[in-house]
Every structure is written in C-alpha cells, then in structure tokens.
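Following: one structure in structure tokens, then a few remarks.
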2 protein chains.
Amino acid sequence: MINNLLKENITKNAPFSKTELEEFCKYFYFKNIKKTEFLLEQGEICKFEGFVLEGCFRIFTIDKKGNENTLYFAAKDWWLMDIDSFMNQSTSNLNIQALTDSKILLINRADKLSLYESIPAVEKLFRVMSQKALVAWQRRLIRNNSQTAKERYVYFINNYPNIASKINDKQIASYLGISHEFLSKIKRRN
Amino acid sequence: MINNLLKENITKNAPFSKTELEEFCKYFYFKNIKKTEFLLEQGEICKFEGFVLEGCFRIFTIDKKGNENTLYFAAKDWWLMDIDSFMNQSTSNLNIQALTDSKILLINRADKLSLYESIPAVEKLFRVMSQKALVAWQRRLIRNNSQTAKERYVYFINNYPNIASKINDKQIASYLGISHEFLSKIKRRN
DNA sequence: GAAAAAAGTTGAACTAGTTCAATTTAATAA
DNA sequence: TTATTAAATTGAACTAGTTCAACTTTTTTC
C-alpha cells in the first residue's frame, strides 16, 4: 500500500480505529514533485497540508533584504504546509520547494476541516502533532539564543543526518540563520 | 464569576456547550502569586497548565553560560506552562516567575489528560490554541532572523504594549536575545 | 527614610558574524 | 563532453552586538 507510511505516522500520534484510518486516509492524494519544483510560492494562499513519502523539501521565506530564511526542512515521514496561511487564509510568505525528486500525499484544506468534525480522532491527531511541533520550536529558540553558530551547525548535522545528507551548505546556512560564507569558515576551523 | 475571563477565552477558540464549559472549568483552581515568586523552577517537572487572570509572568531558561533567555511573557488572558516538560514529564529547563503580583487559574496535568477523553471539545480547544501558537513561533523565528535588534525591539513595544509596560529592560533584552547593555544603546540612538 | 540592592547608562576594547569580491570546485544542461 | 551555471572557499574590510567595568538612577527592604 502506498500510504502505509502515512498510516504508521498517524497511529504513532493518535489512536485511530481501522475504519477511521481508512476514512481519513482516503482524502489524501498522491503527487510526484521534481527537484526545484515549488509546492507553494510566496504570495499564494496555502490550501493544503502535505505528508512526505520520499525526498526532501525546504520551507523558506525571502525577506525584504533578499535573504533566504529557512523555517524547516521536511523529509520522509514529515508533515508540511504554511500553517499561518492555511489557518488565516492570508497570502503566504513562504516557499515550499522540493530539494530532490519527491513523492508526497496531499489533503485539501476543505477536506481536512470537515474531517475535524466527522472524525474526532483527527482532532486528537493534530492536537498532539501541534504540541510536539511546539516543543520543537521552543527548543530551537533556546538553541538559537544560547549557542554559537558552530554549535548549532554541529547539532543540526548530528540530529538530522538524513536531511543534512540531502541538502547543500547554502541551505543549511539559511536554516542556521548565518551567511553561507560564514558556514564555510566554521567548517574549516575544526 | 471569577473565571469569566477563562470562559471567554475558551469559547473564543472552540465551540463549547454550556455544560461542557462548566464541567471543564470546574477543574481549574485559583492561586495568588506574589511578585518574584516561581510557579515552576528549572529541574522540576511541570504538572500543570495555567491561565493568567491578572498580572504578568516570564517564562525563561538560564543556560550554561549563565545567560537568561526569555521564551515568552504571559499576561492577562494568556496560557502558560512548560509544554516540553508537561508532555514528556522530563525535568524542566524553564522557570516561570511572576513579574508582578498575579492571579492565575491552574489545572492539573492528570485532570487535563482525562478531560481530553471525556470532553471532545477540549481536544479541539487545545488543537486550535496549539496551532495558533505555532503560527506565532514561526513568525517570531522569521523576525529573529531577518530583523535587527532595533527592529525587533520596536516590534515588541508596539505589539505588546500591555506587557512592555509591566516589565523592565533587562527582561525585554533577554526576550529579544540581546544583552541589556546593547538594548540601552539601541534606545538611546533614536 | 536611610541603606542596600537592583536596574539602567555609558565608554572602550573586543568578537562573532557579514559583506563583497575573486577564485576554485562541483553540478547541470545542451 | 563541453559549456554554463551554481555552490563552496577564502581573504580583507566591516558592523552588529558583546563584555567588562565604572557610574548613576531607581527600586526595594528594613
């Protein structure tokens, strides 16, 4: 089954009955995305949520000064969307771009919203996932403010080896919040 | 009624029936907290979630170098906890300290967890609140990485005037991720 | 209301990280 | 395979923000 990975991910986070799981999963549709292709671009409105089956995506913004700022990467078994644009139906400041040829399952906003109502376990699923994500953001803020660029780089490499191996240094630098030149210098002086 | 504020906050985020609301709210207990008192200290395990009725709290960590790092402030109508410690029942890295004499409603972890099961609207409430919080964290990361300290300071003052008025510059600096000396210099050169 | 403690200010020396520009290396496309 | 484009490296000059220390002002405590 193509969406076994999705089903495992779901049941890891919330208790779904077999029928609930089937009902929920049937709203997801498969999409192939080629390297460098965009799933969402700054200025659009996000009307989907995605679950990565294969490949890797980068979720980033480009600020007024033209600097790229990476919010996060989404590899296999990760969820992705612009939650700000999705919730408020405001124009997105984010770009979601495939860094490698990728396979993804998508669910439309309207479907997701109605599933919150029809399947209570869906509420629990996203409540739990959102709270886990909050923990991650909180930890990241602490790291950003208390560690040097070098320490953050080492942390990233050690904790996300499967992502780190798929992306280039410019992208890592934009995630760490430093220039790619400085990242190059950091790596030098080991 | 003492917890009108809580009830308004809840119904703003999720549809509760009158009886659900009463049932949920009766698990909250009131607590007075004096200025400088701690609701949680680094090393403890967080077993509660709180809702601020009056006053102001600071949620911060002290890193190895001894620097204070403020995650957020919680004033009237805000929720507060260490979600990391609460979820994982791990020892907390955070301190939650009252910055002024405060009044707060607390709910115990065990009660909250069982209410997720007994009242489905509670799932929705915290799903929605968590997602809104995620949006806020995402926006803050972008600001932190794309704006100067001065810009972040101005943003904070303009967007959280009721908090800014209750706290001192050392605390603002630790929220902005800069030294208090530098904040002082920023304010000077207007 | 005086004494003590904490917060805020200022300057000088410093450092982590940036910017720009030139060069090399690697990846992509025709 | 070669030509082209993008990524990575390096150095030099720079800047945003830190650190430390001394001093002033405000707040707290007894």
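The values are calculated or read from the model by the stated rules, or taken from the named source; none is laboratory data. Remember, predicted model here, so these are calculated numbers, not experimental data. FYI the Cβ positions are ideal-geometry reconstructions off the backbone, even for glycines, and counts take in every protein chain you see. The area values use the complete protein model at the heavy-atom level, side chains included, leaving out ligands, DNA and RNA. Shrake-Rupley method; radii C 1.70, N 1.55, O 1.52, S 1.80 Å.
Which of the residues belonging to region A:61-96 are facing chain B (nearest Cβ under 10 Å), of a type outside the set (A, V, I, L, M) and under 19 Å from A:SER165 (Cα atoms)?
Once the filter is applied, which keeps residues that are facing chain B (nearest Cβ under 10 Å), of a type outside the set (A, V, I, L, M) and under 19 Å from A:SER165 (Cα atoms), region A:61-96 yields A:THR70, A:TYR72.
Yes or no: A:ILE96 more than 16 Å from DNA strand D (Cβ to nearest atom), within 30 Å of B:TYR175 (Cβ to Cβ) and β-branched (Val, Ile, Thr)?
The answer is yes for A:ILE96.
State yes or no: is B:ASP84 of a type in the set (Asp, Glu), within 30 Å of B:TYR153 (Cβ to Cβ) and in a loop (DSSP other than H, G, I, E, B)?
no
If I ask for residues that are near DNA strand D (Cβ under 9 Å from one of its atoms) and assigned to a loop (DSSP other than H, G, I, E, B), which ones from region B:145-163 would you list?
B:GLN147, B:THR148
Among the candidates B:LYS166, B:LYS170, B:LYS112, single out the residue that is basic (Lys, Arg), away from DNA strand D (no atom under 16 Å from the Cβ) and within 27 Å of B:GLU54 (Cβ to Cβ).
B:LYS112
Condition first: surrounded by fewer than 17 Cβ atoms within 10 Å (Cβ to Cβ) and either in contact with a strand residue (DSSP E or B) (Cβ under 9 Å, 6 or more places away or on another chain) or part of a helix (DSSP H, G or I) (or both). Now tell me which residues in region B:26-40 satisfy that.
Selection gives B:TYR27, B:TYR29, B:PHE30, B:LYS31, B:ASN32, B:LYS34, B:LYS35, B:THR36, B:GLU37, B:PHE38.
Kindly establish whether B:ILE142 is part of a helix (DSSP H, G or I), open to solvent by 30 Å² or more (accessible area, probe 1.4 Å), more than 14 Å from DNA strand D (Cβ to nearest atom) and touching a strand residue (DSSP E or B) at 6+ places or on another chain (Cβ under 8 Å).
In short, yes.
Can you tell me which residue within region B:161-181, out of those that are surrounded by fewer than 18 Cβ atoms within 10 Å (Cβ to Cβ) and closer than 20 Å to B:THR61 by Cβ, is farthest from DNA strand C (Cβ to nearest atom)?
My answer is B:GLY177.
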